[in-house]
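The values are calculated or read from the model by the stated rules, or taken from the named source; none is laboratory data. Small disclaimer: the values here were computed from a predicted structure and weren't measured. Using ideal geometry, Cβ is built from the backbone for each residue, glycine included, and neighbour counts are taken over all protein chains shown.
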Amino acid sequence: MKRRQTRAVLVPVLALVIVAMIGALSSSPLLAQETTTTTTTPQYHSASNAPGIRWEGWGPRAGVSFSPDQFWGGVHFNLGYFARDVRFRPTVYAGFGDHVTLITGMAEVHYIFSKVQVWKPYVGGGLGITFVNADEGEKFDDLSDTEIAFAAVGGVETKLHSGALIGFEGRIGIGDADPDVMLGVTWSFK
């Protein structure tokens with residue numbers, strides 16, 4: 001797949017947007033259940049205080065991506081913590097548009113900044129595979145292909161009164177078939 005030169009511009013711009021979002025949202029109690037400061041991992045980040053891989057919930061996700069320009073949707077699975085504030089969250093999503101269909105499965109690891117009060121920022125990355133199906137003559141060399149997927153992930157999330165988590169996430173695709181930038185909304189339920 002031929003990569004556009006926009007990545008050199010988009011990566012620093014997206015990084016600044018994410019930093020600005022984290023700064024603005026971390027001090028705002030909008031939609032949050034409480035605003036107390038904690039010095040330990042909040043209860044909603046783990047079903048128990050012990051680290052371990054286990055079922056802790058799931059949630060839908062949706063958003064837009066750029067290069068290729070697509071709408072995407074999928075699901076993630078909260079599967080516990082490797083260590084304090086380091087969670088394992090596999091995701092599966094599909095993107096449609098720009099004469100290309102992408103289906104990606106990715107194993108992600110996130111570090112959650114748990115000492116922040118209301119909106120919890122997180123950063124991480126993922127490794128997986130992407131199935132590409134493109135219309136003939138578009139940006140891709142082959143009509144269909146399977147590629148290795150890499151992504152840098154960052155976002156913020158908060159617990160709602162209902163107990164569900166809502167978050168806003170940005171991704172920077174590093175693999176050849178990955179969208180350059182993905183922006184979306186995530187929900188998590190037990």
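On the stretch given as the stretch 93-107, residues that are surrounded by 20 or more Cβ atoms within 10 Å (Cβ to Cβ), modelled with pLDDT of 95 or more and of a type outside the set (Gly, Ala, Ser) total 4. Cβ-Cβ distances below 8 Å connect the following pairs, each with a first residue in the stretch 134-149 that is within 19 Å of MET106 (Cα to Cα), a second residue that is at pLDDT 60 or above and among the hydroxyl-bearing types (Ser, Thr, Tyr), and a separation of six or more residues or different chains: THR146/THR130; GLU147/THR130; ILE148/THR130; ALA149/THR104; ALA149/THR130. If we scan the stretch 131-144, do we find a residue that is of a type in the set (Asp, Glu) and within 21 Å of LYS190 (Cα to Cα)? No, that holds for no residue. For the stretch 144-168, the set of residues classified as among the polar types (S, T, N, Q) and under 18 Å from TRP58 (Cα atoms) consists of THR158, SER162, listed by residue number. Could you tell me whether GLY170 is within 21 Å of GLY52 (Cβ to Cβ), part of a strand (DSSP E or B) and in contact with a strand residue (DSSP E or B) (Cβ under 6 Å, 6 or more places away or on another chain)? No. Restricting THR158, THR146, THR101 to those that are touching a Leu at 6+ places or on another chain (Cβ under 9 Å) and in a strand (DSSP E or B) reduces the list to THR158.
Here is the figure for the stretch 140-171: residues that are touching a His at 6+ places or on another chain (Cβ under 8 Å) and modelled with pLDDT under 95 total 0. Residues of the stretch 69-85 that are over 13 Å from ILE103 (Cα atoms) and either part of a loop (DSSP other than H, G, I, E, B) or of a type in the set (Val, Ile, Thr) (or both): ASP69, ARG84, ASP85. Got at least one residue in the stretch 130-153 being closer than 22 Å to ILE53 by Cα and among the polar types (S, T, N, Q)? No, the conditions are met nowhere in the stretch 130-153. Taking the stretch 139-190 only, how many residues are surrounded by 15 or more Cβ atoms within 10 Å (Cβ to Cβ) and within 10 Å of the chain's Cα centre (by Cα)? Of the residues in that region, 16 qualify. When VAL118, VAL132 are checked against the criterion of being at pLDDT below 95, assigned to a strand (DSSP E or B) and buried (at least 16 other Cβ atoms within 10 Å of the Cβ), a single residue qualifies: VAL132.
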